[in-house]
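The values are calculated or read from the model by the stated rules, or taken from the named source; none is laboratory data. As the structure is a prediction and not an experimental result, all values here were calculated from the model. All Cβ positions, glycine included, derive from the backbone under ideal geometry; neighbour counts span all protein chains shown. Surface areas here come from the heavy atoms of the whole protein model, side chains and all, with no ligands, DNA or RNA. Shrake-Rupley method; radii C 1.70, N 1.55, O 1.52, S 1.80 Å.
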Amino acid sequence: MWVEKYRPIKISDIVNQKDIVGSINAMLKNVDELPHLLFSGSAGIGKTTLALCLARQILGDGWREYTLELNASDERGINMVRERVKKFSRFGGLSENIPFKLIILDEADEMTADAQTALRRIIEDTSKSCRFILIANNVSRIIEPIQSRCAVFKFTRISEKDVVAYLKEIAKKEKVKTDERGLELIYDYTEGDLRHAINLMQAT
């Protein structure tokens, strides 16, 4: 799928979110002090991609081994939080060049209040060895005690100019003919959701 084939790997390749990228890069100057992160905003604008780019940059080639990625909306119960996250956070030691493990919780706003309360305790208990990146469409559905323990970043909708430019770049690499109006219509239909726009162009 083109959406995976052309997913940015480096933080500098993230589309549009320049202010957030600048803030994250400033934090990375002292990785050991990196706080837990909460990314919020609508679908398809780079939240999960930035989290994965961070994992690669901080953890290096072995990033998959030290990163746990969960979709909280698929497994929203308290048991998922207790079992999967606790087990991962306690499993094994860290090598010299690995500052901490990363736990990426996608669609965290779909977790029940009980699960979020349990998660807050786990965040506190594992703070020496783990960092959490929580991803949410609606930050208001994340309980305040979790928000207060994270640096919160609100992602903005991607502009038509940036989406169309990215689609053109993919089309060029795939040797696909496109026209400006067609790409503008894809943008209009997908309303700034770059993931949806790429999928729609590929389907078309």
How much of the accessible area of segment 5-121, in percent, comes from carbon and sulfur atoms when a 1.4 Å probe is used?
45
In segment 40-74, which trypsin sites (Lys or Arg not before Pro) fall in coil by DSSP and have 16 or fewer other Cβ atoms within 10 Å?
ARG64
Counting every C-alpha pair in segment 1-101, the percent lying more than 19 Å apart is 51
Mean residue ellipticity (222 nm) of the chain, computed from DSSP H runs ≥ 4 via -39,500 (n - 2.57), nearest 500:
-12000 deg cm²/dmol
Return one number: the angle in degrees, 0 to 90 and rounded to the nearest 10, between the long axis of the Cα atoms of helix 18-27 and the longest principal axis of the Cα atoms of the chain.
30
Low-density loop GluC sites (Glu not before Pro), segment 4-80, at most 16 other Cβ within 10 Å, DSSP non-H/G/I/E/B, are GLU65, GLU75
Calculate, for segment 73-204, the solvent-accessible area per residue in square angstrom, rolling a 1.4 angstrom probe over the heavy atoms of the protein chains.
57
Calculated Rg and Dmax of segment 88-204 using C-alpha coordinates, Å:
19.7, 54
Calculated FRET efficiency, GLU33 and LYS172, Cβ-Cβ r, R0 45 Å, to nearest 0.05?
0.65
Return one whole number: the accessible area per residue of segment 1-65 in Å², for a 1.4 Å probe.
50
How far apart, in nm, are two points set 7 Å out from the Cα along the Cα-to-Cβ line at LYS128 and at ARG141?
3.6
Members of LYS29/LYS128; LYS29/LYS173; LYS101/LYS175; LYS5/LYS101; LYS154/LYS177; LYS29/LYS168 lying beyond 30 Å, as alpha-carbon distances in this model show:
LYS29/LYS173; LYS101/LYS175; LYS154/LYS177; LYS29/LYS168
Give me the one-decimal Kirkwood hydrodynamic radius in Å for the chain, with the sum taken over alpha-carbon pairs.
18.0
Could you give the distance between the Cα centres of segment 163-194 and segment 11-57, to the whole Å?
24
